[in-house]
Amino acid sequence: MDNKLYIVPTPIGNLKDITIRSLEALENVDIIYCEDTRNTIKLLNHYDIKTKLKSYHEHNEKERVAEIISELDAGLNLAVVSDAGMPGISDPGHVIIKELIKHNIAFDVLPGATATITALVSSGLNTDRFAFLGFYPRENSEAKKFIKILSEIEMTSIIYESVHRVKNTIKVLANEFPSRQIAVIREITKLHEERIRGTCSEVYEIYKDKENVKGEFVIILEKAEKIEEEIDIKKELLNEIELGLSKKDAVKNIVKKYDLNKNEVYKISLEI
């Protein structure tokens, strides 16, 4: 192996969902830095991998950076994993990657399992353009900003949510966007994987009475529909002309301002 750090995605549920390349990296590096040694050891034991583990999580991430860089400088090969999925996506990993780039230190990001794309594809919603928005905010002020984004974003949104907050989050979405399509997917790739689809209102009616809900959740929300503004083109042209512009320049301004078809605006200008 080359002297570098490997960012290694781990299974999000089913332990078979790991690549051969990832297993080779975990087996051959000198140290694996992991979010929780108790979780990672289960994966290593399953594949009979004996590599040394060290903790690397949100509470010690900054402290570990200097240690990791020092070990790489000493010629060691290292891996970083999270409890599940791709490190750096709502999990520790971003800080060390930023520092490695800053210090021009080699690293590889291996492809593998991620809940975001798996849930998106299985939702049945549009996949041409999408945005990953992370976890629904806990603070009211941030939640309001989050809802505003969802009300305006013209692409499919991917949201993470915890088991303790998922019902309330679906309720909020049902109140704000009752008719928009949604897919709530939990326990992805696991034995009790569940996908519930429908409008936000329909899905909330299902979830509000559910008891003993378990698992990790990904919520996929349909894009917001663009609201076309009704424009009185003739009135806008008259306003421009009253300001002293020629009819030709008024047409140019209105076309540019509202991103309209030039020929259509020109035709209306002939009525003036």
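Every read-out reported here was derived from the displayed coordinates using simple, explicitly stated rules and does not represent laboratory data. As the structure is a computational prediction, the values presented were derived from the model and not from experiment. Note: ideal-geometry Cβ built from the backbone for every residue, glycine included; neighbour counts use all protein chains shown.
Points worth noting:
- Gain upon complete extension [E202, K145; 0.36 nm per residue less C-alpha separation]: 18.1 nm
- Across the options S162, A115, L150, the greatest Cα extent toward the positive end of the charge dipole of region 115-221 (unit charges at beta carbon of Lys, Arg, Asp, Glu) belongs to S162.
- Pairs beyond 20 Å (Cα-Cα), from K50/K190; K4/K54; K16/K42: K50/K190
- Taking Cβ atoms as reference points and 14 Å as the exclusive limit, the residues near E67 contribute a net charge of -2, counting Lys and Arg as +1 and Asp and Glu as -1.
- Placing +1 on the Cβ of every Lys and Arg and -1 on the Cβ of every Asp and Glu, with nothing else charged, gives region 5-109 a dipole about its Cα centre of roughly 100 debye.
- Under 25 Å from K235, Cα to Cα: lysines that are on another chain or at least 8 residues apart: K226, K247, K248, K252, K256, K257, K262, K267
- Looking at region 59-152, the trypsin sites (Lys or Arg not before Pro) that sit in a DSSP loop and have at most 11 other Cβ atoms within 10 Å of their own Cβ are R129, R138.
- Count Lys and Arg as plus one, Asp and Glu as minus one, and take only other residues whose Cβ is under 13 Å from that of V265; the net charge is then +2.
- Unit charges at the beta carbon, dipole of the chain: most positive-side option, L221, H192, Y47: L221
- Taking every DSSP helix (H) stretch of at least 4 residues in the chain, weighting each as -39,500 (n - 2.57) and dividing the sum by the residue count yields a mean residue ellipticity at 222 nm of -12000 deg cm²/dmol.
- In nm, spacing of pseudo-spin labels at Y258 and I231 (7 Å Cα→C-beta vector): 0.5
- Note on E24 and I153: with the Förster distance fixed at 41 Å, the Cβ-Cβ geometry gives a FRET efficiency of about 0.55.
- Percent of Cα pairs exceeding the 14 Å cut-off, where the set is region 101-152: 70
- Relative contact order of region 115-221: 34 percent, from C-alpha pairs under 8 Å at least 6 residues apart in sequence.
- Stretch gain in nm, segment K4-K214, where the contour uses 0.36 nm per residue and the Cα spacing is subtracted: 71.8 nm
- Each residue, E193 and D36, gets one label point 7 Å from its Cα in the Cβ direction; the gap between the two is 2.2 nm.
- Computed label-point distance, nm, for sites K50 and L15 using a 7 Å Cα→Cβ extension: 1.8
- Qualifying GluC sites (Glu not before Pro) for region 127-163 [loop in DSSP, other Cβ within 10 Å: at most 14]: E139, E154
- The chain, relative contact order in percent, only Cα pairs under 8 angstrom and at least six apart counted: 17
- Among (i) 33, 22, 17; (ii) 48, 27, 15; (iii) 29, 19, 18, the entry that matches semi-axes √(5λ) of the Cα gyration tensor in Å as calculated here: (ii)
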